[in-house]
Amino acid sequence: MSQPTSIGILGLGIIGSRVAENLRQAGHDVHVWSHTAREVAGAQPSPQAVASVAKVIQIFVRDGEALIQAVRDMQPALTAEHVVINHATVSKEATLEAAALCQQSGAAFLDAPFTGSKMAAQNAKLVYYVGGSAEVLERVRPILEVSSTKILPLGEVGDAMVLKIVTNLVTAVTVKAVAEAAAITHSQGIPLPHLLTALENNANYSPLIGMKLPTIIKEDFEAHFSLRNMLKDADFARDLAAQASLPTPALDCTTEAMRSGVEAGQGDQDFSIIGKISA
């Protein structure tokens, strides 16, 4: 299949809206749908309408229920020429169900969650984890390259989703540890920038710490990856662990801290708000 120029985007949140803009800037004809009505270029009334005019569909909806609903809505319009790519972080079960629904209609499906948040999407620097057929991936690689710096084949459909979930586990627990370090540092009267300096010269320093500790210090919790979404992913990880009877004590305490934040009305702020110092 030659590179298509008509592409569908379902979901116009923090990531989907920026991927759509990158595709437009690259010269593609982009058709979009969002559960929340939006007056934007290429807007369509339904997922089915998007599938009627685009053969490659990239999905950035919020959760598994929304993913399944979108695929079911598209089914009457899906054909063997379609490739449906799910980028939303959902459960492995929802991923496999969406793939099965696409297969019923003859459409190909890729499991392609991503790492990278708002600025990565804006700057076309997402990294896609991809589960599914290598042949199908090659068909749509030029589309994925528009919004990414790396495309990583990581097994079968469902495998990439599991890897996305467990990498987010590491992210959440790391930020919780940094938050606790910041709280202790602050309680001792030490300026928090000193903690950043110390960590920058420590073996455990990472790009994640470099992004999130400054937001904790400044208490700037504008959402790049929301607390609500990180909690969702942590619950997926706990479910996977429970299926194998594996204990997750570090994840458990991090999850409860995030759940408390969501219950306190902080769910739409960045997940680094779990490190907020002041009351």
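Quick notes on this one:
- Counting only lysines at least 8 places from Lys212 when in the same chain, those with an alpha carbon closer than 16 Å to its own are Lys118, Lys176, Lys276.
- Mean projected area in nm² (Cα convex hull; one quarter of hull surface) for the stretch 1-100: 6.0
- Using only alpha carbons, the stretch 82-138 has a radius of gyration to Kirkwood radius ratio (Rg to Rh) of 1.02.
- When only alpha carbons of the stretch 95-251 are considered, Rg and Dmax amount to 18.6, 63 Å.
- Ordered from highest to lowest accessible area with the whole protein assembly present and a 1.4 Å probe, Phe225, Phe109 read as Phe225, Phe109.
- Computed log₁₀ I(q)/I(0) - Debye formula, equal Cα scatterers, no solvent, the stretch 9-167, q 0.10, 0.16 Å⁻¹: -0.29, -0.81
- Taken along its principal axes, the alpha carbon cloud of the stretch 161-240 reaches lengths of 40, 27, 19 Å, longest axis first.
- Inter-probe distance in nm under a simple model that places probes 7 Å from Cα toward Cβ, at Glu180 and Asp268: 3.2
- Here the simple spin-label model places points 7 Å from the Cα toward Cβ, and for Ala250 and Thr197 these points are separated by 2.8 nm.
- Relative to the longest principal axis of the Cα atoms of the chain, the long axis of helix 227-243 lies at roughly 80 degrees.
- Length added when fully stretched, Ala26-Ser260, from 0.36 nm per residue minus Cα-Cα: 80.1 nm
- Among 5-18, 135-148, the peptide with the highest mean count of other Cβ atoms within 10 Å heads the list, and the full ranking is 5-18, 135-148.
- Adding -39500 (n - 2.57) for every DSSP H run of four residues or longer, then dividing by how many residues the chain holds, sets the calculated 222 nm ellipticity at -15500 deg cm²/dmol.
- If you plug the beta carbon distance of Asp220 and Gln103 into 1/(1 + (r/R0)^6) with R0 = 51 Å, you get a FRET efficiency near 0.70.
- Within the stretch 215-279, all pairs of alpha-carbon atoms sorted by distance into 5 Å bins from zero give the percentages 4, 19, 27, 22, 14, 9, 5, 1.
- Across all directions, the shadow cast by the convex hull of the chain built on its C-alpha atoms averages 15.2 square nanometres.
- The simple spin-label model puts a point 7 Å past each Cα toward its Cβ; for Lys150 and Val53 those points are separated by 3.6 nm.
- More than 13 angstrom apart: percent of Cα pairs within the stretch 198-253: 71
- Positive minus negative residues near Pro113 (Lys, Arg vs Asp, Glu; Cβ under 10 Å): -1
The values are calculated or read from the model by the stated rules, or taken from the named source; none is laboratory data. What you see is a predicted model, and the numbers here were worked out from it, not measured in a lab. Note that each Cβ is placed from the backbone with ideal geometry, even for glycine, and that neighbours are counted across all protein chains shown. Only protein heavy atoms, including side chains, enter the accessible area calculation; ligands, DNA and RNA are left aside. Shrake-Rupley method; radii C 1.70, N 1.55, O 1.52, S 1.80 Å.
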